[in-house]
Amino acid sequence: MKRLLIAVVVLVAMTAFTSCNQQKSAAKKLVEQFLTDNLASDDYKVMYFYDLDSTKHISDSAFLQMRQKATTNKRYKDGLQFADGQKTKKLNFIRVKMLIQKDTVYQTFYFDDQITQVMAFKED
């Protein structure tokens, strides 16, 4: 009986770990594509992806303000646009450390609850 319990605990832990890795992998791909499509310079390198997390504590006005401020960020091409769609109640986010034209930059990218699109970002 004790072996069965240990086996179940290990299986649950492995499943949770795999799910988290898949979500982080999806977030990393979205960020990399977003950077490729939108950075004004090709001279950049992602140095580190921090852990993926989520929040329900970003108001609609703060979300819109983040998007608006991002459109004026000179590191990005003019006409920066985010994916269509409303802010989901839960936003997933990942902090990224990168080198852009010899400057070390930290940005936080926000995704919809299913991690299918970049909804906004902020420069830390």
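The values are calculated or read from the model by the stated rules, or taken from the named source; none is laboratory data. Owing to the predicted nature of the structure, the values given are computational and were not obtained by experimental measurement. Because the Cβ atoms are built from the backbone with ideal geometry, glycine has one as well, and the counts that use them run over all protein chains shown. Keep in mind that these areas ignore ligands, DNA and RNA; they rest on the heavy atoms of the full protein, side chains included. Shrake-Rupley method; radii C 1.70, N 1.55, O 1.52, S 1.80 Å.
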Calc'd 3J(HN,Hα), region 103-109, phi into Karplus 6.51 cos²θ - 1.76 cosθ + 1.60 (θ = phi - 60°), Hz, glycine/Pro = x, comes to 9, 7, 10, 10, 10, 10, 9
Amide H proximity to residue 54 below 5 Å, modelled H, separation 5+ or other chain, gives 93
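So between residue 117 and residue 81, what do we pick up on full extension, going 0.36 nm a residue minus the alpha carbon distance?
Between residue 117 and residue 81, full extension yields an extra 11.8 nm.
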To the nearest 0.05, the calculated FRET efficiency linking residue 22 and residue 72 through their beta-carbon distance, R0 being 41 Å, is 0.75
Taking only protein heavy atoms and a 1.4 Å probe, the highest-to-lowest accessible-area order of 109, 49 is 49, 109
Residue-normalised value, i.e. accessible area per residue, for region 31-124 at 1.4 Å probe, in Å², stands at 62 Å²
Residues whose modelled amide H sits under 5 Å from the amide H of residue 88, counting only those 5 or more places away in sequence or on another chain, are 113
So, with points 7 Å from each Cα along the Cβ direction, the residue 97-residue 29 label distance in nm works out to 2.6 nm
Stretched fully, the stretch from residue 88 through residue 37 gains (0.36 nm per residue minus C-alpha distance, one decimal, in nm) 16.0 nm
For residue 46 the rounded accessible area (nearest 10 Å², probe 1.4 Å, non-protein molecules ignored) is 40 Å²
Filtered hits (lysines, Cα-Cα < 27 Å from residue 89, offset >= 8 within chain) -> 24, 28, 29, 56, 69, 97, 122
Once phi for every residue in region 49-64 is put through the Karplus expression 6.51 cos²θ - 1.76 cosθ + 1.60 (θ = phi - 60°), the whole-Hz ³J(HN,Hα) values, with Gly and Pro written as x, are 9, 7, 5, 6, 9, 9, 8, 10, 10, 10, 5, 4, 5, 5, 4, 5
Simple SL model, points at 7 angstrom along Cα→Cβ for residue 47 and residue 105; separation in nm is 1.4 nm
